[in-house]
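*Asks:* Please find one structure pasted underneath; my questions will follow.
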Amino acid sequence: MNKKGFTLVELLTIIIILSVILVIVIPSISNLIRNTKVESFIKSEEQMIKAAKGYMLLNTKYIPANIGDTTEIKLSELQVDKSLGTIVNPWNSNEKCTGYVLVTKTGEKEYEYIPHLNCGNNINDLSEDKLIAHYTFDDFQEPTENLISGHLTKMTGRLGAEVTLEQNYPFEEYGTNNATRVIVSSAASTSTTVSAVTIVPNSVNEGRTFTTSVKVKNIGVNDVGISNNLGSTTWIKPNEVKEVIQTDTGKGPGTSHYMFNIRVRNATDDLDFILYELQAEEKPYATPYTPSDRGGIVKDYTPNDIHGSLNFSTTPRWISDGAIGGAYEFDGSNDFINCGNDESLNINDALTVTAWVKFDSLDYTESSGRLQGIAGKGHPDSASSNYGWWFTFDNRSNRKSFRYTCFGNANGGYAGGGNNFPIPTYDKVLDNNKWYFLAFSVSQTQAKLYVDGIQHGPTNAISNVQLSDPLSELTIGSYRVNSGFFAGSIDDVRIYNRVLNEDEIKVMFDVLSYKNKRK
């Protein structure tokens, strides 16, 4: 700077530099403040859980009796008991927060504690919150059938090989004394396959995909081969411990059977090895071991106990790395979760549904997309009077539409007869392989759509709404039973019998997405 001061060009340059700095700094400061408030909210939730655990031990009536049962502990009860102090709204220090903790029994002496902290809306308990169902998907539930159940008690040799089994054998690496030791004497063997059992013959295995899984330790001096006879053979060297997982598809008559075979390098090799948790299942991946078969019940983490059911042929795949915790992957072909038709689901006055979703097959150029059902109950899509609701994303013919997120209309009409989110107002390009927090709220007069905690599009005026369909079942991963299948992953689905406001949905998104970043 000289005695004449800055030139006009210099002043403009300084202003531009300061503007750029502000553009960078202000959002960063804003995000820091927001994250600090979210962290405070989460810390308060953690304090609620800690207080609820101690309170439940002293007040045994709050201990859920059976696996899947849920009880409620109000925040006000914890405060009267002095188990917990006042919780202040992080976004408004003049307001106190209210809420409750739901406790679900997930196993013998195992409980899941889910806090529902409400700040700024004076909702004291579950009855006021009107949370009807909550599916976190955090615990593994996936049905399967072990097609080779009991085989480790009856293995035999073939073509001169002799097999001796020793049950209740220790397998230290897996912390068990229930493994099976297998000793194969092959001195008289004429084949390199020393033990074999057919699981599914070639006459009925065409196009069917199978997965074999077993834990193996080779305590002998020769290599041990595990084969499914469909193309996969895994060799375990002496002193090696290995979990073997083999997946292959049958090719039908005149080809190979699906089998469990033990092989040797040389026909006369003796073997000494340990097997544990042998499982064969008709899936393209392995699931946790079951000795025979396993049903699938998807827990509802509310006292309404509206548990979902899975069956062998239409089950989605459970994954551990969802948006928040566990989630389900849906194949877009026939997978869905059936949550039944409990009376509490027959809602007609007001409804909010939230879900984390991740698509994997959206297409905006080649017209290969589909109408994807996130959840639904009823059939609000006919010329005559219709009922219920659908939560969908329409990607047919390169669309990017929420038009078929729609609601029943007493006067009839397709896609809710106007009780929906019409094109192009609510169109939005969603990406594949990215988690979105989607939500809608609907009353008798208006509907709102949310994407990642922000209202998307204007509030839509609707009329003649008929949300309740007592004859239909709630489904997740499709908009109806066997219709509109979702391709991708879904996590943390919540259903409320009221209209959540934008602040509530924004806080839910901020808190849950922050928890996802902390995983």
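*Asks:* Please work out which residue is surrounded by the fewest Cβ atoms within 10 Å (Cβ to Cβ), limiting yourself to the range 220-279 and to residues that are within 26 Å of residue 176 (Cβ to Cβ) and hydroxyl-bearing (Ser, Thr, Tyr).
*Replies:* Filtering first and then ranking leaves 233.
*Asks:* So residue 169 fits all but one of (1) assigned by TED's automatic domain parsing to the domain that holds residue 248; (2) surrounded by fewer than 18 Cβ atoms within 10 Å (Cβ to Cβ); (3) under 38 Å from the mean Cα position of the chain (by Cα); what number is the exception?
*Replies:* (2)
*Asks:* Of the conditions (1) in contact with an Asp or Glu (Cβ under 8 Å, 6 or more places away or on another chain); (2) surrounded by 16 or more Cβ atoms within 10 Å (Cβ to Cβ), residue 75 satisfies every one except a single condition; which number is it?
*Replies:* With (1) in contact with an Asp or Glu (Cβ under 8 Å, 6 or more places away or on another chain); (2) surrounded by 16 or more Cβ atoms within 10 Å (Cβ to Cβ) applied to residue 75, the lone miss is (1).
*Asks:* Which strands (runs of 3 or more DSSP E) sit wholly inside the range 261-353 and have at least 1 residues that are modelled with pLDDT of 95 or more, among the polar types (S, T, N, Q) and over 14 Å from the mean Cα position of the chain (by Cα)?
*Replies:* Passing ranges, in order: 271-281.
*Asks:* Check the range 123-140 and report whether any residue there is in a loop (DSSP other than H, G, I, E, B), closer than 30 Å to residue 45 by Cβ, aromatic (Phe, Trp, Tyr) and at pLDDT below 95.
*Replies:* yes
*Asks:* Would you say residue 463 is within 18 Å of residue 351 (Cα to Cα) and at pLDDT 95 or above?
*Replies:* It is true that residue 463 is within 18 Å of residue 351 (Cα to Cα) and at pLDDT 95 or above.
*Asks:* With (1) of a type in the set (A, V, I, L, M); (2) under 30 Å from residue 290 (Cα atoms); (3) crowded, with 20+ Cβ neighbours inside 10 Å as the list, and residue 123 as the residue in question, which single condition is left unmet?
*Replies:* (2)
*Asks:* Can you tell me which residues in the range 42-62 are without any contact (Cβ under 8 Å) to a residue 24 or more places away in the chain and not charged (D, E, K, R)?
*Replies:* 57, 58, 59, 60
*Asks:* Give 500, 438, 449 a once-over and let me know the one that is part of a loop (DSSP other than H, G, I, E, B) and modelled with pLDDT of 95 or more.
*Replies:* 500
*Asks:* Output the number of the condition that residue 364 fails; it satisfies all remaining conditions of (1) of a type in the set (Ser, Thr, Tyr); (2) within 18 Å of residue 494 (Cβ to Cβ); (3) in a loop (DSSP other than H, G, I, E, B).
*Replies:* (2)
*Asks:* Which of (1) closer than 16 Å to residue 388 by Cα; (2) touching a strand residue (DSSP E or B) at 6+ places or on another chain (Cβ under 8 Å) is the odd one out, the single condition residue 470 does not satisfy?
*Replies:* Failing condition for residue 470: (2).
*Asks:* Residues of the range 56-85 being farther than 30 Å from residue 309 by Cβ and touching a strand residue (DSSP E or B) at 6+ places or on another chain (Cβ under 6 Å), which ones?
*Replies:* Listed by number, the residues that qualify are 74, 75.
The values are calculated or read from the model by the stated rules, or taken from the named source; none is laboratory data. Just so it is clear, the model here is predicted, and its values are computed rather than measured. Quick reminder, even Gly has a Cβ in these numbers, built from the backbone with ideal geometry, and neighbours come from all protein chains shown.
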